[in-house]
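Below: the structure, in structure tokens.
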There are 2 protein chains.
Amino acid sequence: MTTDDLYVAKIRNGTVIDHISPGYALDVLKILGIDGREGHIVSVAMNVSSKKASKKDIVKVENRELKPGEVDKIALIAPGATINIIRDYKVVQKDRVKLPDWIKGIVKCANPSCVSNAGEPVETKFHVERSDPLRLRCYYCVRIMEKPDVLKQF
Amino acid sequence: MTTDDLYVAKIRNGTVIDHISPGYALDVLKILGIDGREGHIVSVAMNVSSKKASKKDIVKVENRELKPGEVDKIALIAPGATINIIRDYKVVQKDRVKLPDWIKGIVKCANPSCVSNAGEPVETKFHVERSDPLRLRCYYCVRIMEKPDVLKQF
């Protein structure tokens, strides 16, 4: 392989997260807790051409399937993402992430005076007012949270 | 393209950093100050097979050439890396990073009592005792610095 050849990274088993909002692939890796030192093949492409949108990011992770909490976090920062599960080189399942109307227990309210930050047994809860760009409203204190506020927590 | 196909990310102009120590591609992106939101194509492959070593990482960055200080930082964390400059889809220059015997002004000494941390006009200076795994010795206070100490600063 010469460095100007196409680069190839096929995975036998794992997950491909496609149609990530352009520029957010590294945040997806952060959500998955992947820094590369795990030793598995990981490939990332950022700002590549896409048919659906003008640009997109892609993340491929070998030997890893996603947990439901991870999928919900990805939906928050990349609402158009698709999750493809690969087994024996084939896509055996393909799902688009889905941002629910209410986000519970995944992000904290940025308002320090919110009842959900008072040490009480209160699960955080936000209404999804808009998915892209993200706009969440806290159920308890009506504080508005946007994508940068959420990214800081991941 | 289906998701189990090979992924292609050819760049017209830019830089390919190849033979990065496995698991350190994201640190290289951090050194370059790239988070993907710049809008250029960036592709990363981690823990892929290599002829020279057993595994390696690769980073490709569109529309970006490296500054000397960046190359020196990459040499510290990935002493076997090669820097390939691409113009019009061709490799026009290929260099292996070179870790000099002395590292000056790039990393800070981890010893808070070191004279180089005293606010004096003293440039930091370390002797490279070993490149892989990295072992630096401060010229002033003889404090040993290893790769994790250096990574924290990038």
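Computed from the coordinates by the stated procedures, all read-outs in this text should not be read as laboratory data. Keep in mind the model is a prediction, meaning the values are calculated, not measured. Neighbour counts run over all protein chains shown; Cβ positions are idealised from the backbone, glycine included.
Can you tally the net charge around residue A:117? Count Lys and Arg as +1, Asp and Glu as -1, for every other residue whose Cβ sits under 11 Å from the Cβ of residue A:117. Net charge around residue A:117: +1. From largest to smallest, the equivalent ellipsoid semi-axes obtained for segment B:5-67 from the alpha-carbon gyration tensor read 19, 14, 10 Å. The count of lysine pairs in segment B:72-142 with alpha-carbon distances below 12 Å, taking only pairs 8 or more places apart or on different chains, stands at 4. Residues B:89, A:139, B:24, arranged from fewest to most other Cβ atoms within 10 angstrom of their Cβ, appear as B:89, A:139, B:24.
Averaged over peptide B:54-61, the number of partner chain Cβ atoms lying within 10 Å of each residue's Cβ comes to 2.
Here the chain B residue lying nearest the rotation axis onto A, judged by its C-beta and given with the distance in whole angstrom, is B:44, 2. Please label the shape of segment A:51-106 as rounded, prolate or oblate, based on the square roots a ≥ b ≥ c of the eigenvalues of the alpha-carbon gyration tensor (a/c under 1.5 means rounded; beyond that, a/b larger than b/c means prolate, else oblate). The shape class here is oblate.
In nanometers and ordered shortest first, the copy-to-copy spacing of the residue B:131 label point, defined 7 Å from Cα toward Cβ, is 5.0. Is the shape of the protein assembly as shown rounded, prolate or oblate, going by the alpha carbon gyration tensor and its root eigenvalues a ≥ b ≥ c, with a/c under 1.5 for rounded and a/b larger than b/c for prolate? Since a/c reaches 1.5 but b/c is at least a/b, the shape of the protein assembly as shown is classed as oblate.
Relative to the longest principal axis of the Cα atoms of chain B, the long axis of helix B:68-77 lies at roughly 90 degrees. Here is the tail figure for chain A: Cα pairs spaced more than 18 Å apart come to 61 percent of all pairs. The label-point distance for residue A:30 and residue A:140, in a model that sets each label 7 Å from Cα toward Cβ, rounds to 2.4 nm. Relative contact order, whole percent, for segment A:57-154 stands at 20, derived from Cα pairs under 8 Å and 6 or more residues apart.
When chain B is treated as a GNM with alpha-carbon contacts under 10 Å, the residue of B:18, B:95, B:27 showing the greatest mean-square fluctuation is B:95. Think of each Lys and Arg Cβ as +1 and each Asp and Glu Cβ as -1; about the Cα centre, that makes the dipole of the protein assembly as shown roughly 260 debye. Residue A:54 label point (Cα plus 7 Å toward Cβ) to equivalent points in the other copies: 4.6 nm, shortest first. Taking the label point 7 Å along Cα→Cβ, residue B:71 and its counterparts in the other copies are spaced 4.7 nm apart, in ascending order. As a length-normalised measure over Cα pairs under 8 Å and 6 or more apart, the relative contact order of segment B:7-64 settles at 50 percent. For the residues of B:21-28, the average number of beta carbons from a partner chain within 10 Å of their own beta carbon is 4. For segment B:88-154, GluC sites (Glu not before Pro) are listed when DSSP marks them as loop and at most 10 other Cβ atoms sit within 10 Å of their Cβ; the list is B:123.
Volume per residue of the convex hull around the Cα atoms, evaluated for segment B:107-153, comes out as 63 Å³. Peptide A:33-42 is shielded by partner chain Cβ atoms: per residue, an average of 5 of them sit within 10 Å of its Cβ. The order of B:145, B:46, going from fewest to most other C-beta atoms within 10 Å of their C-beta, is B:145, B:46.
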